[in-house]
Every structure is written in C-alpha cells, then in structure tokens.
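Throughout, read-outs are computed from the coordinates displayed, never taken from laboratory work. Please read these numbers as outputs of a predicted model, since none were measured by experiment. When we count neighbours, we look across all protein chains shown, and the Cβ atoms used for this are built from the backbone with ideal geometry, even at glycine.
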Amino acid sequence: MSYFDTLKRGADDMGISLSDETVERLVQYLGLLEKWNKAYNLTAIRDADKMVSLHLLDSLATLPFITGKKVIDVGTGPGLPGMVLAICLPEHDFTLLDSNGKKTRFLTQVKMEMGLKNVTVANERVENHAHQGVYDHVTSRAFASLEDMINWCLPLPSASGNFLAMKGVYPHDELAQLPDTVTVQEIQPLTVPTIDAERHMVIMTRKG
Ligand SMILES: C[S@@+](CC[C@H](N)C(=O)[O-])C[C@H]1O[C@@H](n2cnc3c(N)ncnc32)[C@H](O)[C@@H]1O
C-alpha cells in the first residue's frame, strides 16, 4: 500500500477524516523527515513505513483533542505531534519548541519548503519560553515525566487552556508524582490501528 493509502486508511480507522490534499502534505512531510533523518539523525526510526505508523498516525491521535486555536508542542523533536497537527489544522497557530538546534533547523526547513504560515519554530528550553498564559493547548509526546512537564510548562496555558500529554502504558507512577498545581481532568485510552501497544492521553489543567 502507498504511504498515502496507509495514512488515509489509518486516519479513517481512528475516526479522523482527512482531505486528500492534507494527506498529500503529510506524505510530503514524511519525505522530508526521511531525507533529513539520513544526515541529521532526527529519529531512531529510519524506515518510512514505520514512520507512517509509529510517528504520523500516532501523532494524529492527538488531533481530536485540539479544540482551541493556539497550540505549543513542547519537546517536539522533528515535529511530533506538532508538525503533523499543524499540517492538518492550517487555521490554528502552532509553536513547535525544542532545545535541540538540529531538530529546530529541520522544522524551519519544513516550514519554509511547505509554506506553513501557521508554524512558529522555537529553539530554546521550554523553561525559558517567554510567551506565558497564551496557549489553548500544551501538547507533548515522549517528552518528559508528567512531573517535569508540569514543573517546566506550568505558566504556558491560558486560564482555560490544558496540557495534553501522550503516554504509553497507563502512567500510574508519574501520576503519583504530579505536583498539586494541576488537576487531572481525564486519562483517555487511545487506539492507534497500526500500533500494538497501549497509548494514553493525559489531560490536565492548572489549578486556580
Ligand atoms: C524523546 S524526544 C521526543 C520528540 C518528539 N516529541 C517525538 O515524539 O518523537 C524528546 C525531545 O525533547 C527535547 N527536550 C528535552 N528537554 C527539553 C526542554 N527542557 N526544553 C525543550 N526541549 C526539550 C529534546 O531535545 C528532544 O528532542
């Protein structure tokens, strides 16, 4: 099956309907990720087939949780899930933040080549990010423990914003370590059709 068909069918199986144009743009991003990964080692997954299932479709699982317009993806690496979401939601603003310059250079290249006006790339540690209290969603995947994420990102969401942390197995231990500055709203199991492993979305809001 082509990358286009795998993506389209995988998204359909998750109840996510993507236009052909969006799927084509995701395939374009996949091509850039595969190309740049050879020189820059952006992700340990080198095979494009595996990138589709383990990176792109997994990132798409975040899409139904994005209701607000302004999103920051912290520790985005090569844009997972942030760049995938930005391609799917061109009317939303995405800040893709990572402290690793190699990864943010790649993101800047993708933004330029794909003409993504809704993407801002930030090369800094998230603890130093100056735009506080403005984001509807703070997303992360494979970034840090929930405790570290909250301690580093607490000021970032707006008063009505939330944290969306993607995790593998149900994070019992990490939840026990969470500071009392946040409330856990929900922990939703996710089904990614091409991944035979547990996935969860932890949704948290700041107290007060
Ligand atoms: C394991 S990678 C995950 C990348 C991507 N989210 C994914 O799912 O493939 C974690 C990323 O977080 C970044 N990172 C770690 N601590 C950070 C911090 N304090 N501020 C910004 N980025 C950070 C690293 O540079 C790395 O790219």
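Cross-link reach is defined here as a Cα-Cα straight distance under 18 Å, omitting same-chain residues fewer than 8 places apart; for K70 the lysines meeting it are K111, K117. For the stretch 139-207, the set of trypsin sites (Lys or Arg not before Pro) satisfying both a DSSP loop assignment and a count of at most 12 other C-beta atoms within 10 Å is given as K207.
For T194, what charge total do you get from the other residues with a beta carbon under 15 Å from its beta carbon, if Lys and Arg give +1 and Asp and Glu give -1?
Numbers: positive: K8, R9, K50, R199; negative: D5, D12, D13, D47, D49, D58, D196, E198.
The answer is -4.
Computed from the C-beta positions of Q188 and E91, the FRET efficiency with R₀ = 30 Å rounds to 0.80. Its alpha carbons give the stretch 102-208 an Rg and a Dmax of 15.2, 43 Å.
What is the Å³ per residue value for the convex hull set by the Cα atoms of the chain? Mind showing how you got there, number by number?
On the way: hull volume 23.0 nm³, N = 208.
Cα-based convex hull of the chain, divided per residue, equals 110 Å³.
Label-to-label distance, K50 versus D12, with points set 7 angstrom from Cα along the beta-carbon direction: 2.7 nm.
Once the Cβ-Cβ distance of E113 and E198 is raised to the sixth power relative to R0 = 30 Å, the FRET efficiency obtained is 0.30.
Here is the list for the stretch 1-104: GluC sites (Glu not before Pro) lying in DSSP coil, each with at most 16 other C-beta atoms within 10 angstrom of its C-beta, are E91.
Centre-to-centre, using Cα atoms only, the stretch 130-201 and the stretch 59-84 are separated by 12 Å.
Applying a DSSP loop filter and a limit of 12 other Cβ atoms within 10 Å to the trypsin sites (Lys or Arg not before Pro) in the stretch 1-79 leaves R46.
The angle separating the long axis of helix 20-40 from the principal Cα axis of greatest extent in the chain is about 90 degrees.
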